[in-house]
Structure formats: structure tokens, C-alpha cells
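Reviewing the structure listed below.
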Amino acid sequence: MPPKFSTTWDYSTQLVHAGERLSHPPGRPTTTPLYSSSTYYHDTLDSFNDALGGHGYAYGRNGNPTNVAYEQACATAEGGTAAMSTASGMAAIYSALLAAGRTLGRPLHTIIAPRDVYGATTVMLRDFFAPYGVTILTCDMTDLHALDALLAAHKVDVIYIEQLSNPLFRVVDMAAICARAQAHGARTVVDNTIATPLVQKPLLLGADFVCHSATKYFAGHGDVSGGVVVVREHSSYAALAHNNATVGMVLGPYEAQQILRGIKTMPLRVERQNASAIVVAEWLEAHKNVARVYYPGLPSHPDYATAKRTLGARMGAMFAFELAESVSLERFIDRLQMILMVSTLGDIYTMISIPALASHRGLTPQERAVRGISDQLIRVSIGIEAADDIIADFDHALA
Ligand SMILES: *Cc1c(COP(=O)(O)O)cnc(C)c1O
């Protein structure tokens, strides 16, 4: 059939087709190019038929070569067998929960989620699962006895886990929870956004699905939104592909390429961010105008022992601290010169956020108090600047 071009055509017709669908001469790009194409042409009916059956490219919603490169990098990052890109972290969570149900071969009836789960995930479970008959149970996932009691009392389909919770950075015993889920016939879905695979790889500890807001550490530069679900068993991938093809939660190829670039330097960034986090957290803990620091790498953290036992050498690049009551939050923020106040995390920049004003704004002061979130609590996401400069900025603001 090729080449689908003729100089006998009208000039306008030639310009529609000129240069397109050329086969590539030898020499491959070292970095995956941006395939913005939404449709793919095949030379034979057989080949097109194969592509429509899932072996080849036919239409953007069903697959894109740039996205596939990004997905392979994500699978490698988390030690999984396959990955599916999604338009955001929230789409990844939604897709993983739907896929968990499909791989069980039954409708979801009961999900256990952490009591301090990410805000938008709370809303998703409340507005997009509960109204369809799914019971949402909440649990302090650091308390395995509480989890055991729930599992004994309910037939649970999915245990939803976050490693390093927001904003107090609680650490769960991932392997212990995954073992309980497997014994119970439940799937585990893990949001590993805050920990990153440099801190822990849940799939290697028995988790079924790992979700990321790739907007955060994977992309790392605050210039792109995206998500991914990585699976332990390749058979789970089909359910995710079905979600993308049918619900249309696909990541754009430009975003896939941007995040793929970010992943290449993630180990370098995250290693430095983790190394600075412990130094800055220790410095803050010793400061007279700081009431308390919540970092799992510090012996003062309630999950220090779990972190020491179950995490690797790294404890994350985020922590929270409480200003002493005598210090004005407003004045502190006003005096910061480099550190940015934002509502995200994981970028190359050192950033703070105020949970009472941002992530936990929707809660009443009493609800926040129950969760240990005071109005003086500041969440920190350490960037890749030199630790000395980060400390100097905090020092100036705390003086
Ligand atoms: C940001 C975030 C999400 C949501 O990701 P988006 O890319 O913003 O959709 C989910 N979970 C955690 C822990 C996050 O930090």
C-alpha cells in the first residue's frame, strides 16, 4: 500500500500528505520523541486488525509510544511488571480502585482507608464510591490490631494505604498490611506519592497496585501534572488499560515526556532531598522557637521504630513542625526569603504549606485537633538547594 503520496495530486492535496508516514532510516533518537499523534496508520489490514486487538497503535486513547516509554520507566521505578499512565494522581487512584474490583471479579463492597487519608481521596471515596453502595471503613493503619479487628468483622475487598501520611508523616508496616490483605483475599492499593520508591517499593512487599501523583517527585519540577498506576502482577494491567480506553483518564503525551525526563533524575533529587531533610529537621528540633518536629527519621516521631525497622536508609524528604506559641505564623511566613508557600510537594524547590489553611481547611478546628493538626503546624517539602541555605532561611524567619 505505501507510500500514499503522489506528485500528480493537486498542490493542496500534496501539502496535506507531504512528509508524513515515512519509515525511519537507521539511527534512533536517544530520548523518546513526543508522539502527539492521536491516530496510527497501518500498511495492511492484518496489522491494523492486530493494533485494534491491542498489539500495536491505533488510537491515542488506547496507547501512545511516548506514554509507553514513561510507563516502562515507572514500572522500573517501582519494581512492577507494568504501569498505566493517567492524567493526574487522582485519576491513578480512581483507576486503581476500579481495577482492584475488576481483578477480584466482583463488585467492590468494602474498602478500608487510612483515617488521615489525603483530602481529595477522602472526597473521592465519599462521593464516587459510597453512593454506589461501597462501604468505606477508616482505620489508623499504624495500629495493626485495629486493622485485624476490622478484617475480622467485615469482608473487605480493598485495603487502601498511604506510605508517609500527610501532614504528620506516619509510617505503616507495609509488608504486614499486605500479608493481611492477601490472607483475607483483599487487594492492596498504595498511594506512594510522598514516600517515593527511593524510600520504599510497596510492590516488592506484596502490594497489588501502587499509585503516584507523578506531578510531585516523579516530575519534580512543578511544570506538569500526571499520574501512574504500577502493578505487581501483569494480569492486573488489562483492567487499567480498560479504564483508560473506556473512561478516558489518559495522560497527554507531552506530559508523559516531561515526567519521563523527571524520572531520570529522581534518584539524584530524592537522595539529596532526603539527606537534607534529616539535617534540617534536626536543626529545627533544636530551635527554641520550634515546639515540635514530626519526621520519621527522628527518635521523637511516634513511628521512628517502624521506620527504622521497615524503611531503607531513607525516611522521606518531608516533615512538619509546630511553631512555638509565642511565634507569629504570619510573621514567620513573611520573613521567608527563598522557601515558597504553596499547596504541593516534591518539587526541586523547598516549599512549605500550612495544613490548617490548605490541605485540612475543610475540617473544623476540633476535627483538626483530633488529628493533631494545630494552627501553628507547618509542612515542609525539602528541595534540592544546599541544606545550609534552607537552614539559613528558616533561621532568619524564626529569629
Ligand atoms: C498530590 C497528591 C495526590 C493527587 O495528585 P494529583 O496529581 O494532584 O491529582 C494524591 N495523593 C497524594 C499523597 C498527593 O500528594
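The values are calculated or read from the model by the stated rules, or taken from the named source; none is laboratory data. Quick caveat: nothing in here was measured; it's all calculated off a predicted structure. Virtual Cβ from ideal backbone geometry, glycine too; neighbours counted across all protein chains shown. Please note that ligands, DNA and RNA were not included when accessible areas were found on the heavy atoms of the full protein model with its side chains. Shrake-Rupley method; radii C 1.70, N 1.55, O 1.52, S 1.80 Å.
State all residues of the range 350-379 that are in a loop (DSSP other than H, G, I, E, B), charged (D, E, K, R) and over 21 Å from SER328 (Cβ atoms); if no residue qualifies, say none.
Hit for the range 350-379 is ARG371, nothing else.
Scan the range 318-343 residue by residue and report those that are at pLDDT 95 or above, of a type in the set (Val, Ile, Thr) and part of a loop (DSSP other than H, G, I, E, B).
Correct list: VAL327, ILE339.
State the number of residues belonging to the range 127-146 that are closer than 20 Å to ILE93 by Cβ, out of contact with any helix residue (DSSP H, G or I) (no Cβ under 6 Å at 6 or more places or on another chain) and open to solvent by less than 60 Å² (accessible area, probe 1.4 Å).
Count: 5.
For the range 99-186, give me every one of the strands (runs of 3 or more DSSP E) that falls completely inside it and has 2 or more residues that are more than 21 Å from the chain's Cα centre (by Cα).
135-139
In the range 114-126, which residues are surrounded by 15 or more Cβ atoms within 10 Å (Cβ to Cβ) and over 12 Å from GLU162 (Cβ atoms)?
Result: MET124, LEU125.
Got at least one residue in the range 304-314 being within 19 Å of the chain's Cα centre (by Cα), of a type in the set (A, V, I, L, M), within 16 Å of the ligand (Cβ to nearest atom) and open to solvent by less than 60 Å² (accessible area, probe 1.4 Å)?
So far as the range 304-314 goes, no, none of its residues is within 19 Å of the chain's Cα centre (by Cα), of a type in the set (A, V, I, L, M), within 16 Å of the ligand (Cβ to nearest atom) and open to solvent by less than 60 Å² (accessible area, probe 1.4 Å).
Condition first: within 16 Å of the ligand (Cβ to nearest atom), modelled with pLDDT of 95 or more, of a type in the set (A, V, I, L, M, F, W, C) and not in a helix (DSSP H, G or I). Can you find one or more residues in the range 251-268 that meet it?
Taking every residue of the range 251-268 in turn, at least one turns out to be within 16 Å of the ligand (Cβ to nearest atom), modelled with pLDDT of 95 or more, of a type in the set (A, V, I, L, M, F, W, C) and not in a helix (DSSP H, G or I).
Is it fair to say ILE263 is within 23 Å of ASN67 (Cβ to Cβ), among the aliphatic types (A, V, I, L, M) and in contact (Cβ under 8 Å) with a residue 12 or more places away in the chain?
So ILE263 fits the description; yes.
Kindly indicate the residue of the range 80-98 that is within 16 Å of the ligand (Cβ to nearest atom) and assigned to a loop (DSSP other than H, G, I, E, B) and also nearest to the chain's Cα centre (by Cα) among those meeting that condition.
Per the stated criteria, the residue is SER88.
Residues that are open to solvent by 50 Å² or more (accessible area, probe 1.4 Å), touching a Pro at 6+ places or on another chain (Cβ under 8 Å) and not hydroxyl-bearing (Ser, Thr, Tyr): does the range 60-72 have at least one?
Checked the range 60-72: no residue is open to solvent by 50 Å² or more (accessible area, probe 1.4 Å), touching a Pro at 6+ places or on another chain (Cβ under 8 Å) and not hydroxyl-bearing (Ser, Thr, Tyr).
So if I check each of ASN192, ASN244, which one is open to solvent by less than 10 Å² (accessible area, probe 1.4 Å), farther than 30 Å from GLU322 by Cβ and either of a type in the set (S, T, N, Q) or not assigned by TED's automatic domain parsing to the domain that holds LEU357 (or both)?
Criteria check complete, one pass: ASN244.
In the range 202-215, which residue that is surrounded by 21 or more Cβ atoms within 10 Å (Cβ to Cβ) and in a loop (DSSP other than H, G, I, E, B) is nearest to the chain's Cα centre (by Cα)? I'd like the intermediate steps shown before the answer.
Step one: of the range 202-215, the residues surrounded by 21 or more Cβ atoms within 10 Å (Cβ to Cβ) are 202-203, 207-215.
This time we only want the ones that are in a loop (DSSP other than H, G, I, E, B), so: 207-208, 214-215.
Numbers: ALA207: 15, ASP208: 15, ALA214: 5, THR215: 7 Å.
If we take residues in the range 202-215 being surrounded by 21 or more Cβ atoms within 10 Å (Cβ to Cβ) and in a loop (DSSP other than H, G, I, E, B), then ALA214 is nearest to the chain's Cα centre (by Cα).
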